[in-house]
Amino acid sequence: MIHTVIFFTGWAYPPKDYNKWRELVYQWVKHSVERYGKKEVESWYWEVWNEPNGYWKGTQQEYMKLYDYAADGLKHALPTARIGGLNIAGTSGAGALKFMNAFVQHCLHDTNYATGKIGSPLEALLFHAKGNPTLKNGVVWMNMSPQLRDIAAGMKLAASYPETKNLPLIVGESDPEGCAACGMATNPSNAYRNGTMYSSYTAATFAREYELMDQYNANLIGAVSWSFEFENQPWFYGFRDLATNGVDKPVLNVFRMFGMMKGKRVMAESNRRYALQDVMDSSVRRQTDIGALASTDKNSAAVMIWNYHDEDRQSPAENIDVTISDIPAKQIKFTHYRIDNEHSNSYELWKKMGSPQDPTAAQIKELQNAGALQTMGQPATITTADKKTILHISLPRQGVSLLKLDW
C-alpha cells in the first residue's frame, strides 16, 4: 500500500482575507510587547515566511502583498519594530536571485498593497546559504563552495542598491546542507555531523563569511546555524543538532570558541590558507586548509586556528608556529582550547564505550564532561619580547584551536 503525505496544505497558500492576516500580525506583535516589553521586541528582526521560493504556493506578487499587510500590522502595533526578508533558498540560483531582486524592488519602488503608498518597510535583508556534502566510496566529502557562493550573491545584491548597501544582512540559515532532520542512517552523506568534520568545517566556513563581508563592504550582523534539538531520538543519530540527549557535540564547542573572541577582528595571515576565490570555485580538495581568525580588545586577544579538508578522514598533526604581535603587556596568561579526537569530543568517547544506546548514569556523566570545551594542559604565564610572542602548536586534521591571551 502506498501512503501519500500531503505536505503543502492550506497554510502554504495566500490568505482569503488579507485584513484578517494583518490583524493577526497586529495582535501577535501587541501580545509580544505586553509579554516581553517594548525594548526587547524592538531588538528583534521580524520576517514574513521562510524560503518562499519553496514553501509558498502563491505567486510572487501575492507574497509581496502578504509582506505588505504583515508589515503594516507590525508597524501599527509597534512603529519601531524592524522587519525584513526574504530568507530565500539557494540564493545564488537564477530563480532565487530574480525573486530576491523583485522583492527589493517592490520594497523600494512599488505601490504598497496595504497602504497604497510607495514602498514597504525593509530594515534587513535575509537569505540562506547551504553547502553540498556527497558520499564517495563510503567516505563523506564536504563542499563549502555553494554555501559561500550563496552568501556572496546575497551581499552582491545588497550592494547593488544605494538604499540597501548598508542594511543589516543576516544569513538566516548557514549550513553544510539543507535537511537538518535527515539523519545519517537515511542520508549517509550527513555522517559529518557528530564529530570533528562538522566543527572544523564550521570554523573554516564562518571565517570566509567575514572575508566576503570585507570584499563587499557588507553590514553582516549574523549567520544562523539551522540546528535543532531532537527529543527522544537515538544517541548520535546524525541529525543536525548541537547536542544529543543532553550531551554536547564538538560543533557546539566551535561556537563557544567564537563566543570567547571579544572586541574587534584584526588581521590574521597564514601561508597554508586557501584563497577565498579558490574555495568558492572548488572548496578544499588539495592539501588541508590551515587558517586563522583573530580578535582583540583592551585586555585580551584570541586566535582561532583550524586544519580542514573536505575529505572526512584523519591524518597526522602538523606543527604550526603562531606569531602574535602588538601585545601591550610584558606578561600574559596563555590558554589553549582545543577540539580534536581527544578534546571537547563526546562522540569519540561514545564510540570507545561501544556506542551504547542505553548508557548508564555514570557513562552519561562522562559523555557530558567530554562534550565540554577543554584545554590543552593548564594555562601558562608567558613573557613577551618586543610586544610579541611565538607559540608552537601541533594541530591534527579536523582539529580547531583557540589561543587565548589575557593581560
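Derivation of every value follows stated rules applied to the coordinates shown; laboratory data play no part. Just so you know, these numbers come straight off a predicted model, no measurement behind them. As a convention, Cβ positions derive from the backbone with ideal geometry for all residues, glycine included, and neighbour counts pool all protein chains shown.
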Cross-link reach from K16 to aspartates and glutamates, straight Cα distance under 19 Å and at least 8 residues apart if same chain, gives E62, D68, D72
Expected max-MSF residue from A207, A385, A294 in the GNM of the chain (alpha carbon, under 10 Å) is A385
Spin-label model distance (nm) - S43 vs K57, 7 Å beyond Cα toward Cβ
3.9 nm
Note, ³J(HN,Hα) from phi for segment 209-217, Karplus 6.51, -1.76, 1.60, rounded to Hz, x at Gly and Pro:
5, 5, 4, 5, 4, 5, 4, 9, 6
Taking a virtual spin label 7 Å from the Cα of K387 along the C-beta vector, which residues in segment 290-305 bring their backbone nitrogen under 17 Å of it?
295-302
Extension length gain for K330 and W226 (0.36 nm per residue less Cα distance), in nm, is 33.2 nm
Inter-site label distance for K365 and D281 at 7 Å from Cα along Cβ, in nm:
5.5 nm
Scoring the chain by relative contact order with C-alpha pairs under 8 Å, at least six apart, yields a percentage of 13 percent
Under the Karplus curve 6.51 cos²θ - 1.76 cosθ + 1.60, θ = phi - 60°, whole-Hz ³J(HN,Hα) for segment 307-316, x wherever Gly or Pro sits
10, 10, 8, 5, 7, 7, 8, 8, 7, x
Gaussian network model of the chain, springs between alpha carbon atoms under 10 Å - residue of Y198, Y274, Y13 with greatest fluctuation
Y13
Quick one: Debye curve from the C-alpha atoms of the chain, no solvent, what's log10 I(q)/I(0) at q = 0.12, 0.13 Å⁻¹?
-1.06, -1.19
Ordered by packing density, taken as the mean number of other Cβ atoms within 10 Å over each peptide's residues, highest first, how do 211-224, 339-352, 241-254 rank?
241-254, 339-352, 211-224
C-alpha long axis of helix 60-77 to longest principal axis of the chain, angle in °:
90 degrees
Along segment 388-401, what does the Karplus equation 6.51 cos²θ - 1.76 cosθ + 1.60 (θ = phi - 60°) give for ³J(HN,Hα), rounded to whole Hz, x for Gly and Pro?
9, 9, 10, 10, 10, 10, 10, 10, x, 4, 6, x, 9, 10
Estimated FRET transfer efficiency when R0 is 41 angstrom, pair H31-A185 (beta carbons, to 0.05)
0.50
Picking from P356, P188, P168, which is most flexible by a Gaussian network model of the chain using Cα springs under 10 Å?
P356
Crossing angle, helix 94-109 versus the chain [Cα axis fit, 0-90 degrees, rounded to tens]:
60 degrees
Using +1 on the beta carbon of Lys and Arg, -1 on that of Asp and Glu, and nothing else charged, what's the dipole of the chain about the Cα centre, debye to 20?
440 debye
For the Cα atoms of the chain, what angle does the longest principal axis make with the long axis of helix 18-36, in degrees from 0 to 90, nearest 10?
40 degrees
Placing each pseudo-label 7 Å from Cα in the direction of the beta carbon, E318 and D110 end up separated by a distance in nanometres of 4.9 nm
